[in-house]
Every structure is written in C-alpha cells, then in structure tokens.
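Novice: Would you mind keeping the following structure in view while I ask a few things?
The values are calculated or read from the model by the stated rules, or taken from the named source; none is laboratory data. Given the structure is predicted, the values throughout are model-derived calculations rather than measurements. Glycine gets a Cβ as well: all are built from the backbone with ideal geometry, and neighbour counts include every protein chain shown. Remember, those area values only see protein heavy atoms, side chains included, never the ligands or the DNA or RNA. Shrake-Rupley method; radii C 1.70, N 1.55, O 1.52, S 1.80 Å.
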Amino acid sequence: MVWEAIWAARHVSSAHFVLFIALALVEYYRDIILDNNMDFTDIIKFFNEMAERHDAKIVLHTARNLVLQLQTLIENK
C-alpha cells in the first residue's frame, strides 16, 4: 500500500511525498527513538528491522496530515 501511495503521489500530488512518509515514520516511532537514545545509524537499523511491519494506514494518514499542515502554513503566510 505504501509503495502504491508513493508512486501515485508523484503523479497526483508531489514527488516529495516520500519525505512526508519518512517524517511520519519518525513521528510514529518518536517515543521509541527518544527512549532508546537512537542516533541516525540506530534509526536506520531500526527501520530496516521493522520493514513490512509498519502500520501503513497510520503512517500514510500521518504523512497526509503533515502535507496538509504545510499547505495551511504556506496559505496563511
């Protein structure tokens, strides 16, 4: 589901939607990252270990909300 959303977003919304997905993943796992004091390498390893086990609906919903937040900020300049 995530790969389809990334592919479709390139054609419908933005080629940069993948960045919002990455930010959504960091936001979703924020507490785990902070509680374990993970550095960049630890985070990459963690995401590799979690591959195929992310809650795609929540991550995509969060990414969409992040896009909407940015759009709102830009519109209300």
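Novice: Just to confirm the number: angle between the C-alpha axis of helix 17-28 and the first principal axis of the chain, 0 to 90 degrees, nearest 10?
Specialist: 40 degrees
Novice: Still on this structure: Specify whether the C-alpha gyration tensor of the chain places it in the rounded, prolate or oblate class, a ≥ b ≥ c being the square roots of the eigenvalues: rounded for a/c under 1.5, otherwise prolate if a/b is larger than b/c and oblate if not.
Specialist: Details: a/c = 2.37, a/b = 1.46, b/c = 1.62.
Oblate, since a/c reaches 1.5 and b/c is not below a/b.
Novice: Which value at 222 nm does the chain reach when only helices count, each DSSP H run of 4 or more adding -39,500 (n - 2.57), with the total divided by all residues and rounded to the nearest 500 deg cm²/dmol?
Specialist: Here the helix-only value at 222 nm equals -23500 deg cm²/dmol.
Novice: In nm, to one decimal, how far is the ALA51 label point from the LYS77 one, both placed 7 Å along Cα→Cβ?
Specialist: 4.0 nm
Novice: Whole-Hz ³J(HN,Hα) for each residue in the range 46-52, computed from phi via Karplus 6.51 cos²θ - 1.76 cosθ + 1.60 with θ = phi - 60°, x for glycine and proline: what do you get?
Specialist: In residue order, the calculated couplings are 4, 5, 5, 5, 8, 3, 6 Hz.
Novice: Size of the dipole of the chain about the Cα centre, Lys and Arg at +1 and Asp and Glu at -1 on the beta carbon, nothing else charged, in debye to 20? Walk me through the numbers on the way to the answer.
Specialist: Values: 7 positive and 10 negative charges, 71 e Å.
The calculation lands at about 340 debye.
Novice: So, one more: If I fit a long axis through the Cα atoms of helix 2-12 and take the longest principal axis of the Cα atoms of the chain, what angle between them do I get, 0 to 90°, rounded to 10?
Specialist: Helix 2-12 sits at roughly 30 degrees to that axis.
Novice: Taking the 0 to 90 degree range and rounding to the nearest ten, how far is the long axis of helix 56-75 tilted relative to the main principal axis of the chain, both from C-alpha atoms?
Specialist: Roughly 50 degrees between the two axes.
Novice: Solvent-accessible area of ARG30, probe 1.4 Å, all protein chains present, reported in Å² to the nearest ten, please.
Specialist: 140 Å²
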